[in-house]
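For reference, the structure is listed below as structure tokens.
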Amino acid sequence: DAGVIQSPRHEVTEMGQEVTLRCKPISGHNSLFWYRQTMMRGLELLIYFNNNVPIDDSGMPEDRFSAKMPNASFSTLKIQPSEPRDSAVYFCASSLRGDSYNEQFFGPGTRLTVL
Amino acid sequence: RKEVEQDPGPFNVPEGATVAFNCTYSNSASQSFFWYRQDCRKEPKLLMSVYSSGNEDGRFTAQLNRASQYISLLIRDSKLSDSATYLCVVKHASGGSYIPTFGRGTSLIVHP
């Protein structure tokens, strides 16, 4: 099994540039989550999709962040324009369903550095 | 007050020791509970779910106390390989879905 696939694994960019993070969930999983992890704030849920539909985006920091899930096998998280405070590890996770006890499987993360 | 709180540690214990972590949550409507493990510079992975009656998986025991709104993780006979950060996860229902909230994690270091 390929697991959750994220790309790129590392991204270094300059302030003001657009950043696009990509995620391929596990085949057959209906729920997809984007998280951001920093030392200061820990792991924060940004947005959650169920059957490709955004269910909860209350964690998206501001309008500079947007996420899409055009089909069941692909999602993107875009930051435009990027700022140094966006530097973090961004994880994508998927689960079979949005049920209460369904396990989330995480991708390896994208380590973003904004200079 | 954060929704899910954990002592960040680090807990520094010798091999063979028993160590326990607690995690408190503020949302009394929380439905399900988990412990995840995260190794340095890796992604979190599920360690175990936490059920109302408590549950055990080998050296690991998880307990839930709904009245006091906390969950616990007990690790017996600690191994060097148990060194990691342990994340508490609480889900609450919202609009027909279950929204997960992660604690910031408790760091465990097991030394020889």
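None of the figures in this text is laboratory data; all of them are computed from the coordinates on show. What you are looking at is a predicted structure, and each value in this text was computed from that prediction instead of being measured. Cβ coordinates were reconstructed from backbone atoms using ideal geometry, including for glycine residues, and neighbour counts include every protein chain displayed.
Output the residues belonging to the stretch A:64-115 that are more than 26 Å from A:MET15 (Cβ to Cβ), more than 14 Å from chain B (Cβ to nearest Cβ) and assigned to a loop (DSSP other than H, G, I, E, B). Show your work before the answer.
Going through the stretch A:64-115, the residues more than 26 Å from A:MET15 (Cβ to Cβ) turn out to be A:69-74, A:93-106.
When the remaining residues are screened for being more than 14 Å from chain B (Cβ to nearest Cβ), the result is A:69-74.
Correct list: A:ALA72, A:SER73.
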In the stretch A:45-58, which residue that is more than 8 Å from chain B (Cβ to nearest Cβ) and not hydroxyl-bearing (Ser, Thr, Tyr) is surrounded by the fewest Cβ atoms within 10 Å (Cβ to Cβ)? A:VAL53
Among residues of the stretch B:75-108, those that are touching an Asp or Glu at 6+ places or on another chain (Cβ under 9 Å), more than 27 Å from A:SER94 (Cα to Cα) and surrounded by fewer than 20 Cβ atoms within 10 Å (Cβ to Cβ), counted: 3
Every listed condition ((1) closer than 24 Å to A:TYR48 by Cα; (2) small (Gly, Ala, Ser); (3) crowded, with 19+ Cβ neighbours inside 10 Å) holds for B:ALA29 save (3)
Residues of the stretch B:34-54 satisfying the condition of being more than 8 Å from every other protein chain (Cβ to nearest Cβ) and of a type in the set (S, T, N, Q): B:GLN38, B:SER52, B:SER53
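Does A:PRO61 qualify as being in a strand (DSSP E or B), within 15 Å of the chain's Cα centre (by Cα), surrounded by fewer than 20 Cβ atoms within 10 Å (Cβ to Cβ) and more than 8 Å from every other protein chain (Cβ to nearest Cβ)? Outline the logic, then answer.
Values: in a strand (DSSP E or B): no; within 15 Å of the chain's Cα centre (by Cα): yes; surrounded by fewer than 20 Cβ atoms within 10 Å (Cβ to Cβ): yes; more than 8 Å from every other protein chain (Cβ to nearest Cβ): yes.
No.
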How many residues of the stretch A:19-34 are closer than 14 Å to A:ALA67 by Cβ and in a loop (DSSP other than H, G, I, E, B)? The answer is 1
Search the stretch B:40-63 for residues being of a type in the set (D, E, K, R) and within 26 Å of A:GLU44 (Cβ to Cβ), and hand back the single one that is surrounded by the most Cβ atoms within 10 Å (Cβ to Cβ). B:GLU43
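Which count do you get for residues in the stretch A:74-86 that are surrounded by fewer than 17 Cβ atoms within 10 Å (Cβ to Cβ) and of a type in the set (Ser, Thr, Tyr)? Give the steps one after another, and end with the answer.
Quick first cut of the stretch A:74-86, residues surrounded by fewer than 17 Cβ atoms within 10 Å (Cβ to Cβ) only: A:74, A:76, A:78, A:80-81, A:83-85.
Next cut, of a type in the set (Ser, Thr, Tyr) only: A:76.
Number of matching residues: 1.
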